[in-house]
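Beneath this line is the structure, given in structure tokens, with notes to follow.
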Amino acid sequence: MRPVKERSTPTPDSAESNTATTSPDVAATESGSEPAAIEFRRPRIADGRRLWQIARDSQVLDVNSGYAYVLWCRDFADTSVVATDDTDRPVGFVTGYRRPDSPNTLFVWQVAVDADQRGRGVAGHMLDALLDRLEPLGVTRLETTVSPDNEASIAMFTALARRRGTHITRTELFAPDDFPDSHLAEDLYTIGE
């Protein structure tokens, strides 16, 4: 692991950032209330197709095979969450897993929200719902990787740390030449101790 570059210390009275997530234009709400008509639940196998579509349509995520999303919905449902509309149709998702060598750490792999749901704080609410579900199981830390040019994701995870009253650190993790294809660097963001 490369050295820590930045560390943010939360301030109790600081206002939450009103920017957001991995998919563009998802804003975190300041009120902290859940968006109307959106529910949060574990993904089901049948959701895999829809998660793949949301990732593809985001135009910013690395889109994995359809098989990967279906498998994720089966094997990592306990550490992932979907946001659904009033017809139970997924309109957003967070995929994650507990690190095998650090079971108190949730690694967030992807966060995405449908274009028509952006600006409602859905991404932030999904992350909070997932962490709230996993805290009783001993998860005390979240990790994710973000490319240095993804200001919206950096703001979303910084706001998450602030809401939860904890620290966020950034460490260089993957350089562009670590990837077999053309890819930006990915920095590791850690929320919690």
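Answer rounded, prolate or oblate for the range 60-184, using the Cα gyration tensor with square roots of eigenvalues a ≥ b ≥ c: rounded when a/c is under 1.5, else prolate when a/b is larger than b/c, else oblate. Rounded is the answer for the range 60-184, as its axis ratio a/c remains below 1.5. Extension gain for N104-F179 works out to 24.3 nm (0.36 nm per residue, less the C-alpha to C-alpha distance).
Cα gyration tensor of the range 68-121, axes a ≥ b ≥ c as square roots of the eigenvalues: rounded (a/c below 1.5), prolate (a/b > b/c) or oblate?
Details: a/c = 2.74, a/b = 1.84, b/c = 1.49.
In terms of gyration-tensor shape, prolate.
Accessible area ranking (1.4 Å probe, heavy atoms, ligands and nucleic acids excluded), largest first, for S65, S58: S65, S58. Couplings 3J(HN,Hα) for the range 62-73, derived from phi with the Karplus relation 6.51 cos²θ - 1.76 cosθ + 1.60 (θ = phi - 60°), are 6, 8, 8, 5, x, 4, 4, 5, 5, 4, 4, 5 Hz, where x marks Gly and Pro.
Electrostatic bookkeeping for Q53 treats Lys and Arg as +1 and Asp and Glu as -1; over the other residues with beta carbon under 11 Å from its beta carbon, the sum is +1.
The charge dipole of the range 69-193, taken about its Cα centre with unit charges on the Cβ atoms of Lys, Arg (+1), Asp and Glu (-1) only, comes to about 460 debye.
The values are calculated or read from the model by the stated rules, or taken from the named source; none is laboratory data. The structure displayed is predicted, hence computed values, not measured ones. Neighbour counts are summed over all protein chains in view; Cβ atoms, including those assigned to glycine, are modelled from backbone coordinates with ideal geometry. Side chains are part of the model used for accessible areas, which takes the heavy atoms of the whole protein and leaves out ligands, DNA and RNA. Shrake-Rupley method; radii C 1.70, N 1.55, O 1.52, S 1.80 Å.
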